[in-house]
Amino acid sequence: GKHRIVIPCLGHFKEEYEKVSKLYMNNKIRTTRYTLLNFIPRNLFEQFHRVANLYFLFLVVLNWVPLVEAFQKEITMLPLIGVLTIIAVKDGLEDYSRYKMDKQINNLLTKVYSR
């Protein structure tokens, strides 16, 4: 295992550094878009910004109106569900590969030179 450890030479400023460092974020790299909790809502939000997905959603909603119903209700939902599922799986796999790359970069061994 490679590790990335940064140990600054603080000398007599160590107590001040510990007090101030709690106010700031750490320096870990994070390029992922999703977490486990926000994957489904955020992915659906991003997918419905595409005009094609809104069109399919409009057809599904329109087909639930009895006067305008052209097909069975379940059949009109299949293209939308299929497209949303395929894109969600693709986005999830891409985000997972970004997560693995971030983890690899954050665990690299780093040398710190001081004066």
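The values are calculated or read from the model by the stated rules, or taken from the named source; none is laboratory data. What you see is a predicted model; the values in this text were computed from it and never measured. We place every Cβ from the backbone using ideal geometry, glycine too, and count neighbours over all the protein chains shown. With ligands, DNA and RNA removed, areas are computed over all heavy atoms of the protein, side chains included. Shrake-Rupley method; radii C 1.70, N 1.55, O 1.52, S 1.80 Å.
Points to keep in mind about this one:
- Failed condition for residue 112, given (1) in contact (Cβ under 8 Å) with a residue 12 or more places away in the chain; (2) not in a loop (DSSP other than H, G, I, E, B); (3) not polar (S, T, N, Q): (2)
- Subset of segment 31-67 [part of a loop (DSSP other than H, G, I, E, B) and loosely packed, with under 10 Cβ neighbours inside 10 Å]: 36, 37, 49, 65, 66, 67
- Just so you know, in segment 85-107 the residues that are at pLDDT below 95 and open to solvent by less than 70 Å² (accessible area, probe 1.4 Å) include one that is nearest to the chain's Cα centre (by Cα), and it is 102.
- For segment 68-84, the tally of residues that are open to solvent by 80 Å² or more (accessible area, probe 1.4 Å) and of a type in the set (S, T, N, Q) stands at 1.
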